[in-house]
Amino acid sequence: MFFLRIEDTDQKREIENGIQDIVSSLKDFDLEPDEGMIGENEEKGIYGPYKQSLRKEIYQSYAKYLIEQAKAYPCFCTAEELEEMRKKQEDAKIRTGYYGVWAKCRNITVEEAINKIKNGEQYIIRFKSPGREDRKIKHKDLIKGNVEFPENDQDIVIIKADGLPTYHFAHSVDDHLMRTTHVIRGDEWLSSVPLHLQLFQELGFKAPKYAHIAPIMKNDNGNKRKLSKRKDAEAAVSYYEEEGIPKEAVKEYLLNIANSNFENWRRQNQEKDISEFELMLNKMSVSGALFDMTKLLDVGKTVISRFTAKKVYDESKKWAKRHDQELAKLLEDEEYALKVFGIERENKKPRKDISKWSEVKENISYMYDEMFYKEKQDYPYQVINNKEEIKNILNLYIEKYYNELDDKQTWFDKIKELSGSLEYAKEVKEFKANPELYKAHVGDVSTVLRVALTSRTNTPDMYEIMKVLGKETVEKRIKSAIEAL
RNA sequence: GGCCCCGUGGUCAAGCGGUUAAGACAUCGCCCUUUCACGGCGGAGACAUGGGUUCGAUUCCCGUCGGGGUCACCA
């Protein structure tokens, strides 16, 4: 069972619509909780409420229970006192914290406590740790394996001045009441395990199993650091939606990082849905992987290359409507767009030239007149760059050779013929063998055509492009190219 | 600083006592090809370091160095 509990016990950090954002973001990646929060104020499941701020009385009841058993106590120390204590400890070069002899309020009598409270003194509730720092505790983590720590001996606060619990306390109470068996969390929590285990013990609860995951890191001027929401755009899930990186790609990339055997599995099961892959906690890396955008985009490229033209169309249109109105407008004519996206797609070796939806416009713009004429600058004619010669080639082609009904073989034979008639090699190999016999080769002649028709030197197959463009457009573009010379 | 985790090519990583130390991305070259992309073939490139243990250490132990985490009335 996957449940979504909202840990909102720090009121300072509340964000408007935060819950809805979390729910929606998860849903964008097909993650829907079996129970817990499903909207800003909605939840499902029978272990609720799933929002911790609504469970205040529950935590307080357990805190009272601990106090009754002398396993917790009220603490009246002020922030200043605590600060002073810390300074002393630092100066004396001993461990900082509220423990042992430093735990001033630990042995306060009940009468004393009642009096202080009656006097209106502020207080919080602390856990009375039974631990000893000179004893070791062993923990078997599902990812990190066996780890050994000194026992916890800190009297950490469990109920704050505002009456809400700290994470540690809420964690033990909730995960017991919600019947949690596995806690999978970031490894910044690893060092809290001794405390948490102790809390479960003293509360009389059975502790869950823990799996501590290494965070994804980022290279920051030669230093590794956790991907940060503040500094790194790619740390936010919204970034992938904005860039148009398909969720399938993000998930595949993450799986690559999570389980290194995923790549092999994928190679052997190209058609299967990733949900069929069995993720193994014990195969997860113990140290944090550096985020690699290049690899992500490569995954994206492969993922998109396997999409049908229709899927590519639907997804790019969906993205365009949100982020690129110009593209959205181009894509209005679905029938034409399908032909464009169909070029060299849905075959055994599909093109891999789109890694995210934000690249689509650049990729297909020349297929649209409104973009083609707008973008067109000075023609980057390459090997053949004599204007008269180019004009000649284009004129000949359009007048003598072009027929939109030709099949691919005929189409290319004609280009070869045209090349031959103007002293260009019909085969590249012939040219390479005897370059002195020719002006250039058929590839160079094709480039002239390609540049005139697309104003680019690199494009997919020209035959297919011309088919999609259609007779009228092809003739119009060639004529316009001739005029421009 | 104390405590804890980690350290195989640029990156992600197999291997866990005897291997020519896999693979993927990136990179370079060649082939295919009318260009590009795809695909195929090949190249360069790694066990942080010093001591042990052992017939033999990338694999086990200790130290050093390096990276990361944590030491809140934040989670």
Revision key, fill the gap. In nm, the gap between the two label points placed 7 Å beyond Cα toward Cβ at A:Ala161 and A:Val110 is 2.8 nm
Check your understanding: Running Debye on the range A:300-398 with equal point scatterers at the Cα sites and no solvent, what base-10 log of I(q)/I(0) appears at q = 0.12, 0.14, 0.15, 0.19 Å⁻¹?
Key -> -0.50, -0.64, -0.71, -0.92
Review point. Using alpha carbon centroids, what distance separates the range A:113-163 and the range A:53-101, in Å?
Key: 7 Å
Check your understanding: Each label point is 7 Å from the Cα along the Cα-to-Cβ direction; what then is the distance between the points at A:Lys283 and A:Glu427, in nm?
Key -> 4.9 nm
Practice item. Express in whole angstrom the spacing between the alpha-carbon centres of the range A:164-197 and the range A:411-485. Key: 68 Å
Review point. Expressed as a rounded percentage, what relative contact order does chain A have, with Cα pairs under 8 Å and six or more residues apart?
Key: 9 percent
Point to revise | Angstrom value of the Kirkwood radius, inverse mean 1/r, which spans all Cα pairs in the range A:137-245 | key: 16.3 Å
**Study point:** Relative contact order %, the range A:63-171, counting alpha carbon pairs below 8 Å whose residues are six or more apart
**Key:** 28 percent
Review point. How much length is gained on full extension from A:Lys44 to A:Asp232, taking 0.36 nm per residue of separation minus their Cα-Cα distance?
Key: 64.3 nm
Study note, to complete from the structure: Under 13 Å by backbone N from the virtual spin label 7 Å along Cα-to-Cβ at A:Lys349, the residues of the range A:456-483 are A:461
Review point. Simple spin-label model, 7 Å along Cα-to-Cβ: A:Val147 to A:Lys311 in nm?
Key: 3.9 nm
Point to revise | Relative contact order of the range A:136-213, pairs being alpha-carbon contacts under 8 Å that are 6 or more residues apart, as % | key: 37 percent
Review point. For A:Gln122 and A:Asp91, what is the calculated FRET efficiency with R₀ set at 25 Å and r taken between the beta-carbons, to the nearest 0.05?
Key: 0.40
Review point. Got a sec? How would A:His176, A:His323 order by Cβ neighbour count within 10 Å, fewest to most?
Key: A:His323, A:His176
**Study point:** Normalised per residue, the volume of the convex hull around the Cα set of chain A (Å³)
**Key:** 221 Å³
Exercise for review: Mark the label point 7 Å from the Cα of A:Ile274 along Cα→Cβ and return the residues of the range A:8-27 whose backbone N is within less than 14 Å of it.
Suggested key: A:26-27
Study note, to complete from the structure: Treating every alpha carbon of the range A:225-305 as one equal point scatterer without solvent, the Debye formula yields log10 I(q)/I(0) values at q = 0.13, 0.19, 0.27 Å⁻¹ of -0.43, -0.91, -1.43
Review point. When only DSSP loop residues count, what GluC sites (Glu not before Pro) in the range A:405-452 have their Cβ near at most 11 other Cβ atoms within 10 Å?
Key: A:Glu423
**Study point:** For peptides A:131-142, A:26-37, sequence by mean Cβ density within 10 Å, most packed first
**Key:** A:26-37, A:131-142
Check your understanding: What list do you get for A:Thr166, A:Thr96, A:Thr181 if you sort them by fewest beta carbons within 10 Å?
Key -> A:Thr181, A:Thr96, A:Thr166
Point to revise | Estimated FRET transfer efficiency (A:Glu404, A:Leu485; beta-carbon r; R0 25 Å; 0.05) | key: 0.60
Exercise for review: Can you run the Rg to Rh ratio on the range A:352-485? Use alpha carbon positions and the Kirkwood inverse-distance Rh.
Suggested key: 0.97
Exercise for review: Take every DSSP beta bridge with both residues inside chain A and express the antiparallel ones as a percent of the total, to the nearest 5.
Suggested key: 65 percent
Practice item. Assuming 0.692 mPa s and 37 °C, estimate D for the range A:309-362 with Stokes-Einstein, Rh taken as the Kirkwood radius over Cα pairs, in µm²/s. Key: 290 µm²/s
Check your understanding: Cysteines without a disulfide-compatible partner in chain A, using Cβ under 4.7 Å as the rule?
Key -> A:Cys77
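We did not get these values from a lab; they are worked out from the coordinates using the rules stated. Owing to the predicted nature of the structure, the values given are computational and were not obtained by experimental measurement. Note that we place each Cβ from the backbone using ideal geometry, even for glycine, and neighbour counts take in every protein chain shown.
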